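The values are calculated or read from the model by the stated rules, or taken from the named source; none is laboratory data. Here the structure is a predicted model, which is why all the values come from computation and not from measurement. Here the Cβ is made from the backbone with ideal geometry for all residues, glycine too, and neighbour counts use every protein chain on show. The area values use the complete protein model at the heavy-atom level, side chains included, leaving out ligands, DNA and RNA. Shrake-Rupley method; radii C 1.70, N 1.55, O 1.52, S 1.80 Å.
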Amino acid sequence: MASAIPHTMQAARYHGPGPALHLESIAVPAPGPTDVLVRVTHAGMCRTELHFLSGLLNLGIAPLTLGHEIVGEVARTGATVSEYQPGERVLVNYYGTCGRCQWCRVGQQNLCDRVVAQLGFTADGGYAEFVKASGDMLVKLPPHLDSIQACTLACSATTALHAARHIAPVQLGDTVLIYGAGGVGYALLQVCKMSGARVLVVGRSEAKLRFAQDLGADAVIQATQEDVTEAVRQLTDREGVDIVFELVGTRETMDHSLRSLRKRGRLVFIGYSEDQLIANPLLLVIGEIQILASVGSTPQELVDAVALASSGRLRQVIDRVVPLSEVNTTLQALQHGEVAGRAVLQP
Ligand SMILES: [Zn+2]
Ligand SMILES: [Zn+2]
């Protein structure tokens, strides 16, 4: 049985752009009739949190508890929620959608026109002891899927599934370049390998590239020591790759990505920075290059990610598991590129 629920809890709160999150004691949220109160056991840490602190991502909502990769146990259910019992282990889909707009009706909830709640973006998220979520945002976890592995699925693996299956479907025999060796990159690498692609991974850190090799990368390119475009040409008989998944989005990486594509190649933006995309249209026209973008995922993609992870086919690289009190030092480590894979908070 679930233990008693306190009135207050510790949370790491965002108060606008600045150097750090604030560790505070705030009220435990009260679930409405269709909600579930989840006792957070694990919350994955994502570069999104750095974008909040730098001001790149500013939705004008503060104070706000960040954290959108959430696993926990059901603590209390609203009056009309019947499918969950206290103590059940659940993964929380951070993206609560309306279910009625033109996008939701065709199963493309990631583009919902009337997003109800985006935990960790517009509503309080998982960097806290408890989080409130609508009952239809939860996915039950199979008993043999580890909570630490599971929490990071909610953002990185689902993003990878959406990009590689829906936006730029990866085909048997494709050569794919993954620009950025982090949580999303590792998930993309595994999904692309499952689809029968040859996968090249670009990164800056030796440790991160070693993980990429462990996960099956066919070749890795060290961006600080190699000319990325030339390395790609050499690895592809000077053809270039069919797809680049761009997880960084700086001026330099966008330029390398465009120049690494073969004719009819697809550049898929997932990551972004403050830099602008600058491309001579001639370069695009002569190769019929396509520029695409991928955002988030659908609820079904989260269910699919859980199934892939629980069958052992999708492995998340976990760098460290830390208490809530270490949230800021861990964010700094993430900022400095010292986290290989995901860091996970244990509130
Ligand atoms: Zn994320
Ligand atoms: Zn909708």
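GNM on the chain, alpha-carbon springs under 10 angstrom: the most fluctuating residue among Cys155, Cys104, Cys46 is Cys104.
For the pair Asp255 and Met194, a Förster radius of 45 Å applied to the C-beta separation gives a FRET efficiency near 0.90, rounded to the nearest 0.05. Within a straight-line Cα-Cα reach of under 17 Å, Lys132 can be paired with the following aspartates and glutamates, leaving aside sequence neighbours fewer than 8 residues apart in one chain: Asp35, Glu69, Glu73, Glu83, Glu88, Asp124. Taken over the Cα atoms of the chain, the convex hull encloses 131 Å³ per residue. Using only side-chain charges placed at the Cβ, +1 for Lys and Arg and -1 for Asp and Glu, the dipole size of the chain relative to its Cα centre rounds to 500 debye.
Enumerate the whole-percent occupancy of each 10 Å bin, from 0 to the last occupied one, for all C-alpha pair distances of region 174-305. Values per bin, smallest distances first: 13, 46, 34, 8, 0.
Applied to region 154-160, the Karplus parametrisation 6.51 cos²θ - 1.76 cosθ + 1.60 on θ = phi - 60° returns per-residue 3J(HN,Hα) values of 4, 10, 5, 5, 5, 4, 5 Hz, with x for Gly and Pro.
Computed on region 200-347, with alpha-carbon pairs under 8 angstrom and 6+ residues apart, the relative contact order is 16 percent. Under 5 Å from the amide H of Ile318 lie the amide H atoms of Arg342, each residue being 5 or more positions distant or on a separate chain, with H modelled from the backbone and absent for Pro and chain starts.
Note on region 169-229 and region 279-325: Cα centroid distance 12 Å, given to the nearest whole angstrom. In order along region 136-147, the Karplus-derived 3J(HN,Hα) couplings, from 6.51 cos²θ - 1.76 cosθ + 1.60 at θ = phi - 60°, round to 7, 9, 9, 10, 5, 9, x, x, 8, 8, 4, 5 Hz, and Gly and Pro are given as x. Shape call for region 8-128 from the C-alpha gyration tensor, a ≥ b ≥ c root eigenvalues: rounded (a/c under 1.5), prolate (a/b greater than b/c) or oblate? Oblate is the answer for region 8-128, as a/c is 1.5 or above yet b/c matches or exceeds a/b. Rounded if a/c is under 1.5, else prolate if a/b is larger than b/c, else oblate: which is region 249-292, with a ≥ b ≥ c the root eigenvalues of its Cα gyration tensor? Because a/c hits 1.5 or more and a/b exceeds b/c, region 249-292 counts as prolate.
Note on Asp227: accessible area approximately 100 square angstrom, rounded to 10, probe 1.4 Å, nucleic acids and ligands left out. The GluC sites (Glu not before Pro) of region 263-330 meeting both criteria, a DSSP state outside H, G, I, E and B (loop) and at most 10 other C-beta atoms within 10 angstrom of the site's C-beta, are Glu288.
For Asp136 and Glu230, the FRET efficiency from 1/(1 + (r/R0)^6), where r spans their Cβ atoms and R0 equals 51 Å, is about 0.55. Calculated on the Cα set of region 82-205, radius of gyration then Dmax: 16.6, 48 Å. As a calculated quantity, the FRET efficiency between Ala62 and Asp113 at R0 = 25 Å, using C-beta atoms, amounts to about 0.55. Counting each pair of different Cα atoms once, what's the Kirkwood radius of region 236-347 in Å, rounded to one decimal? One over the average 1/r among Cα pairs gives 16.9 Å for region 236-347.
Surface analysis of the chain yields an accessible area of 43 Å² per residue, using protein heavy atoms and a 1.4 Å probe. Helices in the chain, meaning DSSP H runs of at least 4 residues, each add -39500 (n - 2.57). Divided by all residues, the mean residue ellipticity at 222 nm is -7000 deg cm²/dmol. In this label model, Ile278 and Ala30 are separated by 5.6 nm, measuring between points 7 Å along each Cα→Cβ vector.
Restricting region 305-347 to trypsin sites (Lys or Arg not before Pro) that sit in a DSSP loop and have at most 12 other Cβ atoms within 10 Å of their own Cβ leaves Arg313.
Projected label points at His7 and Ile286, each 7 Å from Cα along the beta carbon direction, are separated by 7.2 nanometres. Sorted largest first, the spans of the alpha carbon positions of region 73-145 along the three principal axes are 36, 28, 23 Å.
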